[in-house]
Each structure stands twice: as C-alpha cells, then as structure tokens.
Amino acid sequence: MTAPTVERSSPKPEFTDAEAGAKEFPDSTLRHYNYYTPQKRKQSHYEDVTVEVQPDPRHYLAQGWLYGFSDGRGGYPLDWTVLKAWGVDRGDPERYPGSGGKGYEWPAHGWHEFRDPNEEWELTFYRNNSNVVRQINQNVDTARETKAFEQWNPNWVTFVERNVGAWMHVEHGLGLYLFANAQRRAPTNMHNNAISVNSMHRIRFAQDLALYNLTLSEEIESFDGTAHVETWNEDPAWQGVRGVAEELTAIDDWAEAIFAANIVFEPLIGELFRSQLVQQASPGNGDFVTPTVVGAGEWDYASRDLRYTKAMFELLTNDKEFADYNKGIIDGWLSNWVPKALTAARQLQPLWSQPDAKPPRFEDGLDRAKSRFSGILSDLSLDNPKELTQ
Amino acid sequence: MTRQSVAKAHEKIQELAWEPLYHEPVSQYGTDYTFSKAKKKDPLNQVLRSDFPMQEEKDHRVYGAADGAIRGNMFRQVQERWLEWQKLFLSIIPLPEISAARAMPLLFNTVPNPELHNGQAIQMIDEVRHSTIQQNLKRLYMNNYIDPAGFNSSLRNFQNDYCGTIGRQFAEGFITGDAITAASIYLTIVAETAFTNTLFVAMPAEAAANGDYLLPTVFHSVQSDESRHISNGYATLLMALADEGNHQLLERDLRYAWWNNHRVVDAAIGTFIEYGTKDRRKDRESYAEMWRRWIYDDYYRSYLVPLEKYGLVIPHDLIEESWNQIWNKGYVHEVAQFFCTGWLANYWRMDPMTDKDFEWFEYKYPGWYDKYGKWWENYARLSTPNGHHPIVAEDVDYQYPHRCWTCMVPCLVREDMVMAEVDGQMRTYCHEACRWTDVEAFRPTYQGRETPNMGQLIGKREWETLYHGWNWADVVSDMGYVRDDGHTLVAQPHLNLDPKKMWNLDHLRRMPPLQSPNVLLNEMTPAEQQAFHANYIKGGPAGRPAPADA
C-alpha cells in the first residue's frame, strides 16, 4: 500500500513570453551596451564585461565618490601616477544645488581608451591557466614515470635546485607586492583587470616552480629542496636581482612599477635568465623537463603580459596631449632602472659557468636581451637610454 | 592534481615568502589597528594548480547552463516583474565584486603575515571572476529578454542613479579609509560573511521561483568562492583580537559595518525578494523569515556570538534593532514603496501589486494592508498615463522623505529620523546609528582616541540636491533614462510595453519642479527646522504625513 499523494509546494511555471522579439516598442532592438565606444568597429565580449565597471566622476558618476581615505580622497585618484592621458587636467565637473549630474562626454579622458589586447576576463583566464597547469603536470608526471630525471648530471641538479629555485622568489614577490598591489591603483577597470591577471600569472609561475622543486626533491636523491632559500638569501650572484626586485616593490607610482617590471626588468633580467640561460643550458645537461615549466612562465610574459603592457604605454607615449611629457617622464624611469637592471644582470654571470654543458656565452645572451629590450622601446616610440651601453 | 597532496603542496608554497633585505614594499594604506607578527596558517589552504582547473570546471557548468537556457527558451517563462529588478541589481553588483579584488592589497602591509597573502591573492582573482561573470549574465539578459532597456544602459545608469549610489557604498566601503575597517571588517567579516547569504543564496532561490534558473547558476557558483573568503576574514579578525588595543576599534567597526550593511543590503534585496516576485505561495519564506534564518541564526548566533569569548564586543543592540526595523517597522516595505514612488528617476519597470500580492503580504506581515494597501492601490490606479502626474506628484497621502546623509536610503521610518548640523550643513539621518556613523565613527578621533587613518564620508550624498528646481523631464533626460525614440521613458510603473501605455517626457514636462528636501531644510531658521523635525517624526507609517492636529 502506498501513502496518499500529497501535492508538493513548488512554484508553477507560467508562460510569460518574455523573450527577445516578442513585441516591438522603443528600445526593443537596442541590444548592446550603449554607454561606451568600442575600440574597434564592434563591441567585444571582453569590453562588455570590463568597460565602465569602475566608475569615473568625470563622466557618469554624478554624485562623486562616497568614501574617502583620511585625506578625503576617494576612488582612484589619477595622480597615483605622474603619467597623464589627454583630458586629465580638466577638474571633475562641479556639483552644487541644481547643477545637474552630467559629466564630460564619454570617455572624458584618455585613460579609458586602453583595452587589454589579450581580452582577458574570467572565462579566458581560467581556461588559459588551467591548460597551463594541466600541461605542466603532465610533463612532470611523464618525466617522473620515464625516469627522465636520472639523465641529469650532478652539476645540473645543483644548478636547478639553487638557481631555478631562486627564481620562484622573484615571481612570488613581484606577483604579490608589485602587481597585486598595483591593481588597486590604476584609473580604469581595463588597466586593473589586466594587472590582476598579470599578478596571477606570476603567482602561478612561482607556485609551478615551488611544486616542481617539491617533485625533484622526491625524485632525485641528492636534490636539496631547501637550497633555493639559501641561494636567494645569500648567494652573491642573486643579491643584485633580489635588490632590484625588492626596489621594484617599493615604487609608489603604479605605472612606473608596471613599466619598470615589464619593460625593463623582464627583458634585461627575466628573459636573460630564463631564455638565455635555463632554456639554452637544460637540453645539453640532459634536462627536457625544466624548459617546459619555465617556458610556461616565459610564454605568459612574452606573449601576454608584455603585450598588454605595450598597449598600455603605447597610448601614453602617443597621447594626443601628453606624449612628450610622458616620454620625458619615462626617459627618467629608464635612466634610473636600466643601470640597476644591467648591474644585477651582470652579477648573474657566474651562473653561466656552472653547468657542465655550457650554454651560449653570457655576453651573447645579454646582447640578445638588450636587442630585444631596444626593440620594445622602439615599439613604444622611446629611444634607447644611454645607460644601455653600460 | 598530481600525486602530491594538496596539503603537502600547500606546505611547500609557504617557502615562497621572503623578508625584504634591501627595500621594504611601498606602504600606501594605513590602519589604526596594530598587529604583531606571528606565524599564521593560510586559511584557504589552496594552490593554484588545483584551484584553476576547479574554477574552470565551475565555469563549464555556468556557461553550459547559459547555453541551455537560451536553447530551452527560458525567457518564455521568466517573470518580467522579477527580471526588471535585476536591471538594478546587476548594475550594482559587478562593482562591489571588483572592489573586493582591489581591497586585497590594503591588507598586504597592514597585516604583516605573508602566510595570509596567498589567500588574499586568490580572493583577488576570484573577485575578478565574479565581476566579469556577472557582467556576462547581464549581457545575456540584455540579448535575450524582451525589454533590453536598462540593461543596455546599465553602468551609466548605475553611476548616476540614487539607488545605484546607495548600492555603491557596498563597494567603496571596501577600498578606502582605514585598511582593516574597509577590507577586513566591512568587506569580509560583515558583507561577505553575513550578507552574501541573502544576496547569493536567498535571492537566487527567488529567481528560480520566477522562471530564471541562470541567476542561481551564476550566483551559487560565486557563493562557493565566498565561503573561502570568509576564512580570510576570520583569520585576520582573530589576529586583530589578539591585541587588546584593537578591541575599541573592532567594536566601532562592527557597529558601523553591521548597520550600513543592514541599511543597504536589506533595502535592496528585501525589495527584490518581496516586491519582485510572482511566487505567492504561503509556505515560501518571506524576506523576514530568510533574514532570521540566514543572518540572525547562521551569522549572528553561530558566527558572531562565539567570538564574544575572545573579547569581541558584539553589537547585540543593533542586530536586534535591525530585526525590529524589518519585522515591526516595515523597513523593506517602506523602501519598496519609496522605490516605486520615484519610479520615473530610475531605469527599470516596477510592477504594481495585485490582490494576490496583497493577500500574501497580509498573511506574512499581519497588518500590512492597513499600512500599505491603499498606497499600492493608488500606485496601480496611477500606473498608466491618463491626464494625471506620476504618483510622486499626486496626492496619495505620502510625504516625500528626506535623505539619510550616511546610508543615503531616505529616512523612511519617520519616527527614527534624527538631524545634526555638521560642517555647516543641517543633515538628516534615517536612524541614530547612521548619525553616529557620520558624526562619531568616521572622524579622526573616536572616544578621545586618535584615529588618523579613519576614512571620510564624502561626495554629494543627496541626489535631489543636484536637481533642485529642475523640471522632471529635464532630470530624466539629463540622467539618460530615455528610450531610443528620444521620448519614451526607460522606467515605467507597470509592465505594459504598448507604447501608448508608456510614460514619456511630455508627461513629465507638466509636473511641478523637483525640490531637494535638504536644500529646503537648510533654508529654514533653526526654530523652523526644529518644528519641521517634530512634525516629521510624527509621520508614517507608509510615508503618511503627520496628522494635521499633531
């Protein structure tokens, strides 16, 4: 015998015919965001989910910022960088009884013209980075299963435990204290989201290296999984890099921090170490795994993070109102950061002689790094600083 | 994840942190709290190698559901009454989300425990996820729902609308002022731990009941991240409690954060759930019942009260007062009535209530009809243009309210309104707790203690003042709440899309000018101001002016 059926309480579906096209009326076909101008002919999916989420009192934010710091300044002050985009010298529209709420015509100033050429939002970000960590896991697992680490000669084991290990600290420190910090400070959502993604690339790469280090500790008997800490703390070859990395996190101006890290530090130190040393030396020393882990980080920088950074600064060095002003500021940044980066790069030179199978010469690698750096400056309409010849 | 366990991997990544030898990271945010450096556990216990594929899998489910909704013609059964209110909600919420991402670095220097920074970085990218996934949901609504107006103008309108401005506190409060007040107490301890329950759990359930299963899909995915953000907040709170010198500030900040969240979130979400639904089953929970379950029992009794033994002073009085506001003083009903009074200055359509709605309200909130029924009958009567003005300019026994200078929700529970002269301006507050927030809490000294890092309440906080003396047609044009014929309003006080039944600028042109209550108040003599106040607090409920003999 079954219990009598009791009707459950649940909402009843109802045919409402509330789908697009069911009726014609004013606005019934206006199916795009009408508050911003796209960079290209059509609004992109990336723009739709990114543009204008972070407000601006100069165009639509009628009542202004509502919460301020103790000095009374709220939101995202434009003078958190000394660089300028066209239109910024106009003050916020004045508000008073009966003033109305209209601001300047969108975009009001040039900062809003920046778009991340990688078009990163959450869907693309997790898709890309999941692929990266999956591929790294597979590479490392395959190496483990095929006993590939047994091919490494002893000097190479030391090289990886110390030097590849030390690099994880650079990524971690800059990822957190430079990039994650900077994503609070730029004037638009397009800037800050791109910087957030950059931050996570670095933090992920740092973790990739740390977990690879853990695997090597488990797979290679002589591998010292803690040697990276000592190297980072004490090895004279690394103290120049560490000093510059720390100094980068001490920069107050968010744009200078991004510029110094992605335009100066990365080509002259990051790529020099990763591409001109680790990637070149690994195969000769029996290591086909490390380049896949390091290569993933290299790809993030070279194909994504540098790309958005160039787009960000190209606008500023070609700004219709402040191009010369901005170039003057950036030249000053170059004069400051290039010598520091080159000095730190040269301190790394002893690393080139450590592996048994030698990579191409340090000077050749540095020349290639300088040449690459010079090309980036040229793309940004900037001249080589005289310090580059150092 | 490979053979390495997450725990082992997580332990390994602790080796990444290092103390600066040559240069300290820049310090850009201050706090009056003090923290001692001690080894702490990262409460998230998460590595990106497992986090990213997990988030990707969650995305697969969300976007799969979105495809399914379109293929399955979900919008044929979505209630317009419900989706119209989403034009407000989804214009607000991406900013609070992204502001939570921006808030994380406020904690890096002020909470000097690098073990916590890994969790904060993961929260940062989670928040980027939430902001963009929500913008994407809105985009889908704009493309597939019958009336795209208000979705298509979403972020412009959010930024210049007074309802959006109220909601914007739930974003700017995370990123400015004292770093711990903002990014820890207001954001993680109160907003995320208490109020995301009603935002992201209770409200999606109501969406599903109104034929929309995409909102629950997206927001439950979001809420699964919130639970770990709560752990971030808890870890910082325990550290703050370890120093007795922080207890006074914690008490201040919990009072401010609790009350502001109640004023803002309960106003908005309460209105969406009670007045945006067509589900009038008697056994479905009212907002008051949900609040009692999710906020009073789950948050207050299960989370906050146990912290009392560590020295946390819990604002019991304000929590009970919030319940009093919701249950006895009709806070949500007063807010919904005000939203609909000012329908023309917004960007969504607000459906009148019907007899079925009346019956449900009376069942859930005994005495509702006597207070609010007549006004809603007037709202329905005046909903299509027929020679009369919009309800705000008609005599329906409703006194247009003053703004609360602090929370910016008007002073709707009339008897609670207080005034104070601050910085040469007579300000009105919806409640003593909002006066305290402005006059006492957000100041450089608090109870005699120097609080140089405390933030300030800034901005033009009464919307009406910007348009004082303007014709309503010009107000609505200035704000951009006009459809593509240049004539018909985006907002309507009904759901009928027949252009002949829709309000347009000509109707508004005939109205008397908008007057800012605060400007008028400040034109009065002190004696007139006191008399005005005495009269105002005798008004209500339901916005009724004080009786003539009062």
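Let's see how each residue does on (1) crowded, with 24+ Cβ neighbours inside 10 Å; (2) facing chain A (nearest Cβ under 8 Å); (3) within 20 Å of A:T16 (Cβ to Cβ):
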residue	(1), (2), (3)
B:N73	no, yes, yes
B:L88	yes, no, yes
B:I93	yes, no, no
B:I98	yes, yes, no
B:L107	yes, no, no
B:N113	no, no, no
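When only residues in the stretch A:3-27 that are at the interface with chain B (Cβ under 7 Å from one of its Cβ atoms) and either exposed (fewer than 10 other Cβ atoms within 10 Å of the Cβ) or in contact (Cβ under 8 Å) with a residue 12 or more places away in the chain (or both) count, which is nearest to B:D498 (Cα to Cα)? Can you show your working first?
Of all residues in the stretch A:3-27, those at the interface with chain B (Cβ under 7 Å from one of its Cβ atoms) come to A:9, A:11, A:13-20, A:22-23, A:25-27.
The next check asks that each one be either exposed (fewer than 10 other Cβ atoms within 10 Å of the Cβ) or in contact (Cβ under 8 Å) with a residue 12 or more places away in the chain (or both); those that pass are A:9, A:13, A:15.
Values: A:S9: 35, A:P13: 24, A:F15: 19 Å.
Across the stretch A:3-27, the extreme among qualifying residues is A:F15.
Okay, residues lined up against (1) modelled with pLDDT of 95 or more; (2) in a strand (DSSP E or B); (3) buried (at least 22 other Cβ atoms within 10 Å of the Cβ):
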site: B:R427; (1), (2), (3): yes, yes, yes
site: B:W436; (1), (2), (3): yes, no, no
site: B:H468; (1), (2), (3): yes, no, no
site: B:V476; (1), (2), (3): yes, no, yes
site: B:L495; (1), (2), (3): yes, no, no
site: B:K500; (1), (2), (3): yes, no, no
site: B:M511; (1), (2), (3): yes, no, no
site: B:V519; (1), (2), (3): yes, no, no
Every listed condition ((1) surrounded by fewer than 17 Cβ atoms within 10 Å (Cβ to Cβ); (2) more than 7 Å from chain B (Cβ to nearest Cβ); (3) touching a helix residue (DSSP H, G or I) at 6+ places or on another chain (Cβ under 6 Å)) holds for A:V88 save (1)
Taking the stretch B:294-334 and keeping only residues that are aliphatic (A, V, I, L, M) and either within 14 Å of chain A (Cβ to nearest Cβ) or assigned to a helix (DSSP H, G or I) (or both), one is left with B:I295, B:L304, B:V305, B:L307, B:L318, B:I319, B:I326, B:V332
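Would you be able to say whether some residue in the stretch A:65-74 is among the aromatic types (F, W, Y), within 30 Å of A:Y212 (Cα to Cα) and either in contact with a Pro (Cβ under 8 Å, 6 or more places away or on another chain) or within 9 Å of chain B (Cβ to nearest Cβ) (or both)?
Looking only at the stretch A:65-74, we keep the residues that are among the aromatic types (F, W, Y), and these are A:65, A:67, A:69.
If we keep only those that are within 30 Å of A:Y212 (Cα to Cα) as well, we get none.
Within the stretch A:65-74, not a single residue is among the aromatic types (F, W, Y), within 30 Å of A:Y212 (Cα to Cα) and either in contact with a Pro (Cβ under 8 Å, 6 or more places away or on another chain) or within 9 Å of chain B (Cβ to nearest Cβ) (or both).
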Being touching a residue at least 12 places away in the same chain (Cβ under 8 Å) and at the interface with chain B (Cβ under 9 Å from one of its Cβ atoms) narrows A:V170, A:V132, A:V157 down to just A:V132
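Of the residues B:V476, B:V490, which is among the hydrophobic types (A, V, I, L, M, F, W, C), within 27 Å of the chain's Cα centre (by Cα) and more than 9 Å from chain A (Cβ to nearest Cβ)? Break it down stepwise before answering.
Working: B:V490 fails: more than 9 Å from chain A (Cβ to nearest Cβ).
Only one candidate passes the filter, namely B:V476.
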Note on B:E80: of the conditions (1) of a type in the set (D, E, K, R); (2) within 21 Å of B:A183 (Cβ to Cβ); (3) modelled with pLDDT of 95 or more, unmet is (2)
Of the residues in the stretch B:204-220 that are surrounded by fewer than 24 Cβ atoms within 10 Å (Cβ to Cβ) and within 17 Å of B:D266 (Cα to Cα), the one that is farthest from the chain's Cα centre (by Cα) is B:A205
Checked A:W106, A:W80, A:W121 against criteria (over 21 Å from the mean Cα position of the chain (by Cα), hydrophobic (A, V, I, L, M, F, W, C) and within 11 Å of chain B (Cβ to nearest Cβ)); the one match is A:W106
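Please determine, by comparing only the residues of the stretch A:39-64 that are without any contact (Cβ under 8 Å) to a residue 60 or more places away in the chain and farther than 27 Å from B:E462 by Cα, which one is nearest to the other protein chains (Cβ to nearest Cβ). Give the steps one after another, and end with the answer.
Restricting attention to the stretch A:39-64, the residues satisfying the condition of being without any contact (Cβ under 8 Å) to a residue 60 or more places away in the chain are A:40-43, A:48, A:55, A:57-64.
If we keep only those that are farther than 27 Å from B:E462 by Cα as well, we get A:40-43, A:48.
Working: A:K40: 17, A:R41: 18, A:K42: 14, A:Q43: 10, A:D48: 5 Å.
Among residues in the stretch A:39-64 that are without any contact (Cβ under 8 Å) to a residue 60 or more places away in the chain and farther than 27 Å from B:E462 by Cα, the one nearest to the other protein chains (Cβ to nearest Cβ) is A:D48.
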Filtering the stretch A:301-334 down to residues that are within 30 Å of A:Q279 (Cα to Cα) and touching a Lys or Arg at 6+ places or on another chain (Cβ under 8 Å) yields A:A311
By residue number, the members of the stretch B:363-376 that are without any contact (Cβ under 8 Å) to a residue 60 or more places away in the chain and within 30 Å of B:F151 (Cβ to Cβ) are B:W376
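Does B:M417 qualify as being surrounded by 20 or more Cβ atoms within 10 Å (Cβ to Cβ), touching a helix residue (DSSP H, G or I) at 6+ places or on another chain (Cβ under 8 Å), within 9 Å of chain A (Cβ to nearest Cβ) and among the aliphatic types (A, V, I, L, M)?
On the way: surrounded by 20 or more Cβ atoms within 10 Å (Cβ to Cβ): yes; touching a helix residue (DSSP H, G or I) at 6+ places or on another chain (Cβ under 8 Å): yes; within 9 Å of chain A (Cβ to nearest Cβ): no; among the aliphatic types (A, V, I, L, M): yes.
So B:M417 fails the test.
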ask   = Taking the condition in contact (Cβ under 8 Å) with a residue 24 or more places away in the chain and crowded, with 22+ Cβ neighbours inside 10 Å, does B:R483 pass?
value = yes
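Restricted to the stretch A:29-38, and to residues that are more than 7 Å from every other protein chain (Cβ to nearest Cβ) and in contact with an Asp or Glu (Cβ under 7 Å, 6 or more places away or on another chain), which residue is surrounded by the most Cβ atoms within 10 Å (Cβ to Cβ)? Working first, answer last.
The first filter runs over the stretch A:29-38 and keeps only residues more than 7 Å from every other protein chain (Cβ to nearest Cβ), leaving A:29, A:36-38.
Checking the rest, the ones that are also in contact with an Asp or Glu (Cβ under 7 Å, 6 or more places away or on another chain) come to A:36, A:38.
Values: A:Y36: 19, A:P38: 14.
Restricting to residues being more than 7 Å from every other protein chain (Cβ to nearest Cβ) and in contact with an Asp or Glu (Cβ under 7 Å, 6 or more places away or on another chain), the top hit is A:Y36.
Do any helices (runs of 4 or more DSSP H) lying entirely in the stretch A:242-353 carry at least 1 residues that are surrounded by fewer than 24 Cβ atoms within 10 Å (Cβ to Cβ), among the aliphatic types (A, V, I, L, M) and under 22 Å from the mean Cα position of the chain (by Cα), and which ones are they? Spell out how you get there, then give the answer.
Values: elements: A:254-259, A:290-299, A:306-317, A:323-347.
Those helices (runs of 4 or more DSSP H) span A:290-299, A:306-317, A:323-347.
Can you tell me which of B:R349, B:R284 is out of contact with any Phe, Trp or Tyr (no Cβ under 6 Å at 6 or more places or on another chain), basic (K, R), buried (at least 18 other Cβ atoms within 10 Å of the Cβ) and under 29 Å from B:H507 (Cβ atoms)?
So the residue among B:R349, B:R284 that is out of contact with any Phe, Trp or Tyr (no Cβ under 6 Å at 6 or more places or on another chain), basic (K, R), buried (at least 18 other Cβ atoms within 10 Å of the Cβ) and under 29 Å from B:H507 (Cβ atoms) is B:R349.
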When A:L78 is run through (1) under 22 Å from B:L140 (Cβ atoms); (2) crowded, with 16+ Cβ neighbours inside 10 Å; (3) not polar (S, T, N, Q), the failure sits at (1)
Counted residues in the stretch B:257-293 being under 16 Å from the mean Cα position of the chain (by Cα), farther than 27 Å from B:D351 by Cα and away from every other protein chain (no Cβ under 14 Å) come to 2
With criteria (1) assigned to a helix (DSSP H, G or I); (2) free of Cβ contacts under 8 Å to residues at least 60 places away in the same chain, B:W360 comes up short on (2)
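Every residue in the stretch A:354-385 that is assigned to a helix (DSSP H, G or I), surrounded by fewer than 17 Cβ atoms within 10 Å (Cβ to Cβ) and not acidic (D, E), please.
We begin by selecting, within the stretch A:354-385, every residue assigned to a helix (DSSP H, G or I); these are A:362-379.
Subsequent filtering for residues that are surrounded by fewer than 17 Cβ atoms within 10 Å (Cβ to Cβ) retains A:363-364, A:367-368, A:371, A:374-375, A:378-379.
Of everything in the stretch A:354-385, those that are assigned to a helix (DSSP H, G or I), surrounded by fewer than 17 Cβ atoms within 10 Å (Cβ to Cβ) and not acidic (D, E) turn out to be A:R368, A:S371, A:S374, A:G375, A:S378.
So, in the stretch A:10-63, of the ones that are assigned to a loop (DSSP other than H, G, I, E, B) and of a type in the set (D, E), which residue ends up nearest to B:L90 (Cα to Cα)? Before the answer, list the steps.
Taking the stretch A:10-63 first, the residues assigned to a loop (DSSP other than H, G, I, E, B) are A:10-18, A:20-44, A:51-63.
Subsequent filtering for residues that are of a type in the set (D, E) retains A:14, A:17, A:24, A:27, A:52, A:56.
Numbers: A:E14: 24, A:D17: 22, A:E24: 24, A:D27: 19, A:E52: 13, A:D56: 18 Å.
It comes out as A:E52.
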The number of residues in the stretch A:207-252 that are facing chain B (nearest Cβ under 10 Å) and of a type in the set (V, I, T) is 6
If we keep only residues of the stretch B:20-50 that are more than 9 Å from chain A (Cβ to nearest Cβ) and among the charged types (D, E, K, R), then the residue nearest to A:H172 (Cα to Cα) is B:D42
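The values are calculated or read from the model by the stated rules, or taken from the named source; none is laboratory data. Treat the numbers as computed from the prediction; the structure is a model and nothing was measured. As a convention, Cβ positions derive from the backbone with ideal geometry for all residues, glycine included, and neighbour counts pool all protein chains shown.
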